[in-house]
Amino acid sequence: MADRTETERRPGTGENGAFTSRDGAPNGPQPLPKAKMPGYFEGETITRRALFTGGALAAGGIAGAAIALPAIGFALGPVFDKVEEVWQDAGATTDFSADDYTPKVLTLDTSVGEAGKTTVYIRKGNTSLGERADEFIAISTRCAHLGCPVRWVGPAQRFVCPCHGGVYNARGEVEGGPPVRPLDRFETRVQNGTVQIGPRYSVNSKLEKFSARDPGEPLDGVWQYLYPKRFSVPSA
Amino acid sequence: MAIRIPKPPLPGRRKPPPPAERVNGEVTVKDQAAEVGAGLVGWVDERTGVGGFTKGMLFRKVPKGTNWFYTLGSATMFAFLSQAVTGVILAMYYDPDPSRAYDSVQHITNDVFLGNIVRGMHRWGATVMIVLIFLHMGRVFFFGAYKYPRELNWVIGVVLLVMTLMMGLTGYLLPFDQRSFWATIVAVNLNGTAPVLGPYLADFLRAGPEFGATTLTRFYAMHMLLIPGLIAALIAVHLYLVVKLGTTAPPWLKAKLPEPLEKERV
């Protein structure tokens, strides 16, 4: 109890609160010895106050995280959610020729009505382009620049984008304008004489297959690593 | 051992209220009614201390040369308030469902009483707010008002600018016509072109790899709840710093030095 009465008077001050030296002469402030807290004992490693401060902060942090983490996860969920593979009928194999594209309307997303539909240009494989005669090529109309819908111009044998002037040749390779890679394609298969269209995939300038990338993302060289595969799309 | 406890800091007795003016020594109903307003203000002030704060904020000293350019920040804030008010009213009629969004906007424009006015205020107010922000930013820049100790307020202002642009981006989709749909497709794909994180950012904005129904609700929630809340909070911090640090004099006013120093100036 001796040091308790010691701390009750501010150390370094006299009876009337004026600054004094140890021998009582008023010569300015002295470094104050650190006051000992109530409950202090020799050899303590953490004060009661520090323990409670830390405990309160930890409890508050846990409570905050319990609210924030589910909310953030809820908002980020779709990034990690893989969409289901859907195969849609596009028409009989006899509907399509190897020399020209036939437009077909497919549904990419059933939840947004007309906005979820898209045109896909389909043709048979052309042996003069190095393709197999029994395969089907389905070209996406989504421009590889920023996603506007391109249109097949038959007389010019080109896909043309209305927004920023992207031009593609009959194989979907970039002929001019800002697009950074060829037009995307869709998986195709034939079942009972019907051509079916599956998930989207992207191609680089050598028409090598990659999992679907968004427009504006080049896939040649180092770019394929700077625009990595997303969790939401099937692998190529 | 006696434990000494300091006396609690209890306030003294309240002063009796000043006697109301009396006519012939009587308090009339008129006298009492005249004091109701002052009494109410006093009642609130005594319990909140808001009077001193309000006085300090409204009657603070401003430098000589303060002119109309200094009102651009307030103008921006009132544009935001106008957007908030008209936005709340529009939300009473708007339906963020892909199959009904367009029709609900047509309903607001064509059928609802004053709907075209309120929608027009919100639509043009958005543009006005962007213009005012840039004018305000230009004023701060050319007057050098971003310098020490106001750098943090400049940074907060830039964040507010970016969030206002995000408001424009998310609000553009809501009418859900051809233009807003394709503009959003392009805008999300632009976000996707950021290296490494871009593809995931685009998926986050769309809520999936393709534009879907949740894209619209997501943009709607960001447009009316998330970003406006952040903007309101940051405007409060922005204003606090303005009041705390004061405004700067225009750069064409020289600081007036004390007389002896003024003589030394060549």
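The values are calculated or read from the model by the stated rules, or taken from the named source; none is laboratory data. Computed from a prediction, not measured in an experiment: that's the story for all the values here. We place every Cβ from the backbone using ideal geometry, glycine too, and count neighbours over all the protein chains shown.
Of everything in region A:218-236, what is facing another protein chain (nearest Cβ under 7 Å) and out of contact with any Ser or Thr (no Cβ under 6 Å at 6 or more places or on another chain)? Give them in sequence order.
A:L226, A:Y227, A:P228, A:R230, A:S232 - these are the residues of region A:218-236 that are facing another protein chain (nearest Cβ under 7 Å) and out of contact with any Ser or Thr (no Cβ under 6 Å at 6 or more places or on another chain).
Can A:P215 be described as in a loop (DSSP other than H, G, I, E, B) and surrounded by 14 or more Cβ atoms within 10 Å (Cβ to Cβ)? Quick ask: steps written out before the conclusion?
Details: in a loop (DSSP other than H, G, I, E, B): yes; surrounded by 14 or more Cβ atoms within 10 Å (Cβ to Cβ): yes.
Judged against the criteria, A:P215 is a match.
For residues in region B:176-195 being more than 7 Å from every other protein chain (Cβ to nearest Cβ) and in a loop (DSSP other than H, G, I, E, B), which is surrounded by the most Cβ atoms within 10 Å (Cβ to Cβ)?
Taking region B:176-195 as the starting set, the residues that turn out to be more than 7 Å from every other protein chain (Cβ to nearest Cβ) are B:176-180, B:183-184, B:187-188, B:191, B:194.
After this cut, where a residue has to be in a loop (DSSP other than H, G, I, E, B) as well, the list is B:176-177, B:194.
Numbers: B:F176: 25, B:D177: 14, B:A194: 16.
Filtering first and then ranking leaves B:F176.
Would you pick out the residues in region B:167-191 that are of a type in the set (G, A, S) and closer than 17 Å to A:P149 by Cβ?
Those that are of a type in the set (G, A, S) and closer than 17 Å to A:P149 by Cβ: B:S180, B:A183, B:A187.
When region A:126-151 is examined, which residues are found to be over 24 Å from A:V190 (Cα atoms) and away from chain B (no Cβ under 13 Å)?
A:R151
In region B:249-266, what count of residues is obtained for those that are assigned to a helix (DSSP H, G or I) and in contact (Cβ under 8 Å) with a residue 24 or more places away in the chain?
First, the residues of region B:249-266 that are assigned to a helix (DSSP H, G or I): B:259-264.
If we keep only those that are in contact (Cβ under 8 Å) with a residue 24 or more places away in the chain too, we end up with none.
Final tally of qualifying residues: 0.
Give all pairs with beta carbons closer than 6 Å in which a residue from region B:202-217 that is more than 7 Å from every other protein chain (Cβ to nearest Cβ) and touching a residue at least 12 places away in the same chain (Cβ under 8 Å) meets a residue that is among the aliphatic types (A, V, I, L, M) and part of a helix (DSSP H, G or I); count only pairs at least 6 apart in sequence or on separate chains.
From residues that are more than 7 Å from every other protein chain (Cβ to nearest Cβ) and touching a residue at least 12 places away in the same chain (Cβ under 8 Å), the pairs are B:L205/B:V188; B:R206/B:V188.
If you go through region B:63-70 one residue at a time, do you hit one that is among the hydroxyl-bearing types (S, T, Y), assigned to a loop (DSSP other than H, G, I, E, B) and in contact (Cβ under 8 Å) with a residue 40 or more places away in the chain?
Of all residues in region B:63-70, those among the hydroxyl-bearing types (S, T, Y) come to B:66, B:70.
Next, only the ones that are assigned to a loop (DSSP other than H, G, I, E, B) stay: B:66.
Retained after the next criterion (residues that are in contact (Cβ under 8 Å) with a residue 40 or more places away in the chain): B:66.
Scanning region B:63-70, I find at least one residue that is among the hydroxyl-bearing types (S, T, Y), assigned to a loop (DSSP other than H, G, I, E, B) and in contact (Cβ under 8 Å) with a residue 40 or more places away in the chain, so the answer is yes.
Just checking, does region B:120-135 include any residue being farther than 24 Å from B:N67 by Cα and outside any helix (DSSP H, G or I)?
No, region B:120-135 contains no residue that is farther than 24 Å from B:N67 by Cα and outside any helix (DSSP H, G or I).
For region B:117-166, how many residues meet the condition of being at pLDDT below 95 and among the polar types (S, T, N, Q)?
Total meeting the criteria: 0.
Pairs under 8 Å by beta carbon, first residue within 10 Å of B:R150 (Cα to Cα) and touching a residue at least 12 places away in the same chain (Cβ under 8 Å) in region B:236-248, partner surrounded by 13 or more Cβ atoms within 10 Å (Cβ to Cβ) and charged (D, E, K, R), six or more apart or different chains?
The qualifying pairs are B:L241/B:R150; B:L245/B:R150; B:T248/B:R150.
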